[in-house]
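Working notes, structure below.
The values are calculated or read from the model by the stated rules, or taken from the named source; none is laboratory data. Because the structure is a prediction, the values reported are computed rather than measured. FYI the Cβ positions are ideal-geometry reconstructions off the backbone, even for glycines, and counts take in every protein chain you see. Note: areas computed on protein heavy atoms with side chains; ligands, DNA, RNA excluded. Shrake-Rupley method; radii C 1.70, N 1.55, O 1.52, S 1.80 Å.
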Amino acid sequence: MGHILIENLNKEFIERRQHKRDKEGRPESDRTVTVLEDLDLEFEAGEMVCILGPSGCGKSTLLRIIAGFEQPSSGRVLQDGRQLSKPSPDNIFVYQHNGLLPWMTVWQNIELGIRRLEDPVEQEETIQEYIDMVELEGFEHHYPHQLSGGMQRRAELARALVVNPEMLIMDEPFSGLDFLTHMKMREEVVNMHLYLGKTILLVTHNIDDALIMGDRVVILSGRPAQVKLNRKLDFPHPRDPKTAPKLQELREEIFFMLGVSYAV
Ligand SMILES: Nc1ncnc2c1ncn2[C@@H]1O[C@H](COP(=O)(O)OP(=O)(O)O)[C@@H](O)[C@H]1O
Ligand SMILES: [Mg+2]
């Protein structure tokens with residue numbers, strides 16, 4: 001489960017400009033802005049898909065449409081052959097940074113995500129299992145402000161996973177983390193993906209994230225976003241682009257595609 005087919009997807013927004021004045025002082029007319037244009041993509045069930053593209057090109061818009069929060073202007077998204085009409089926590093969980101409730105402990109935040117299980121012992125065991133999975137044992141009763149940035153992200157990850165959705169959508173999940181914490185979180189997400197095998201769609205602006213994590217890398221062009229590259233990465237984990245010549249080649253190709261000639 002978690003197969004995604006995107007067919008001929010277009011998204012336009014109306015940009016309100018009537019509060020602006022032209023040279024003659026008249027209100028400007030509203031403009032239609034095309035954000036996504038004729039997007040065709042297919043993701044296999046269980047794939048980790050990393051999506052790259054310039055800022056403002058429509059990556060978050062694409063994720064919001066897949067999650068059912070936003071309707072396309074035309075075209076469609078099918079999940080396991082079915083068109084989604086509204087957001088559903090059974091299918092998709094959107095991992096949102098800063099999503100922890102500050103007045104609740106790690107345990108309570110994670111408990112919020114879980115559907116009430118009949119058996120309270122089973123419920124406790126499940127919550128503990130996810131806390132252990134993200135290595136937060138001993139911090140169950142801490143509040144978010146008592147945790148480091150990396151620990152907060154791991155608690156957010158546990159809360160997303162405890163919902164046990166078919167698919168996880170992550171929009172720039174590592175933004176704002178320090179370098180080492182970023183590396184560790186990346187490793188953690190890869191391990192979690194290998195262990196759980198869920199479809200993950202992850203937007204990042206970091207090319208190495210995509211090369212180290214992705215089963216598939218998708219690069220979108222500037223607005224209107226079109227698919228510039230859609231490549232399956234058939235390399236075992238753990239990966240190191242500095243030692244795998246094929247990954248290194250692809251890395252250079254991607255940097256070049258994004259307008260950077262010399263990447264170190
Ligand atoms: N609800 C909206 N109304 C109007 N314009 C929007 C809306 N949502 C996004 N946009 C525009 O669509 C473009 C793509 O936005 P976004 O998907 O957030 O880009 P990215 O995530 O790639 O940085 C931006 O120019 C943004 O201003
Ligand atoms: Mg975005």
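Summary table below
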read-out	value
Residue that is nearest to ligand 1 (Cβ to nearest atom), among those in the stretch 236-255 that are closer than 21 Å to residue 170 by Cβ and surrounded by 15 or more Cβ atoms within 10 Å (Cβ to Cβ)	254
Selection within the stretch 61-75 - open to solvent by 40 Å² or more (accessible area, probe 1.4 Å) and either among the hydroxyl-bearing types (Ser, Thr, Tyr) or part of a helix (DSSP H, G or I) (or both)	64, 73, 74
Conditions (1) within 16 Å of ligand 2 (Cβ to nearest atom); (2) open to solvent by 10 Å² or more (accessible area, probe 1.4 Å); number of the one not met by residue 49	(2)
Boolean, residue 181 is free of Cβ contacts under 8 Å to residues at least 40 places away in the same chain, away from ligand 2 (no atom under 16 Å from the Cβ), hydroxyl-bearing (Ser, Thr, Tyr) and in a helix (DSSP H, G or I)	yes
Subset tally (residues that are under 24 Å from residue 222 (Cβ atoms) and of a type in the set (Phe, Trp, Tyr)) for the stretch 51-110	1
Looking only at the stretch 25-44, and only at residues there that are at pLDDT 95 or above and hydrophobic (A, V, I, L, M, F, W, C), the one that is farthest from residue 75 (Cα to Cα)	43
Test: residue 35 is more than 27 Å from residue 235 (Cβ to Cβ), outside the structural domain of residue 148 (by TED's automatic domain parsing), more than 13 Å from ligand 1 (Cβ to nearest atom) and in contact with a Leu (Cβ under 9 Å, 6 or more places away or on another chain)	no
Test: residue in the stretch 158-167 that is farther than 30 Å from residue 78 by Cα, among the aliphatic types (A, V, I, L, M) and not assigned by TED's automatic domain parsing to the domain that holds residue 44	no
Single condition residue 22 does not satisfy, out of (1) away from ligand 1 (no atom under 11 Å from the Cβ); (2) under 23 Å from residue 91 (Cα atoms)	(2)
Residue in the stretch 151-159 that is of a type in the set (Asp, Glu) and within 16 Å of ligand 2 (Cβ to nearest atom) present	no
Count - residues of the stretch 57-100 that are more than 14 Å from ligand 1 (Cβ to nearest atom) and not acidic (Asp, Glu)	23
The one condition in (1) under 19 Å from the mean Cα position of the chain (by Cα); (2) assigned to a helix (DSSP H, G or I) that residue 217 fails to fulfil	(2)
Residue among 145, 182 that is more than 23 Å from residue 45 (Cα to Cα), open to solvent by 30 Å² or more (accessible area, probe 1.4 Å) and either more than 16 Å from ligand 1 (Cβ to nearest atom) or of a type in the set (S, T, N, Q) (or both)	145
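Conditions (1) away from ligand 2 (no atom under 16 Å from the Cβ); (2) among the aliphatic types (A, V, I, L, M); (3) open to solvent by 70 Å² or more (accessible area, probe 1.4 Å), marked per residue:
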{"site": "38", "(1), (2), (3)": "yes, no, yes"}
{"site": "55", "(1), (2), (3)": "no, no, yes"}
{"site": "59", "(1), (2), (3)": "no, no, no"}
{"site": "84", "(1), (2), (3)": "yes, yes, no"}
{"site": "94", "(1), (2), (3)": "no, yes, no"}
{"site": "102", "(1), (2), (3)": "yes, no, yes"}
{"site": "120", "(1), (2), (3)": "yes, no, yes"}
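Residue-wise test of (1) more than 15 Å from the chain's Cα centre (by Cα); (2) hydrophobic (A, V, I, L, M, F, W, C).
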{"site": "142", "(1), (2)": "yes, no"}
{"site": "151", "(1), (2)": "yes, yes"}
{"site": "164", "(1), (2)": "yes, no"}
{"site": "170", "(1), (2)": "no, yes"}
{"site": "183", "(1), (2)": "yes, yes"}
{"site": "195", "(1), (2)": "yes, no"}
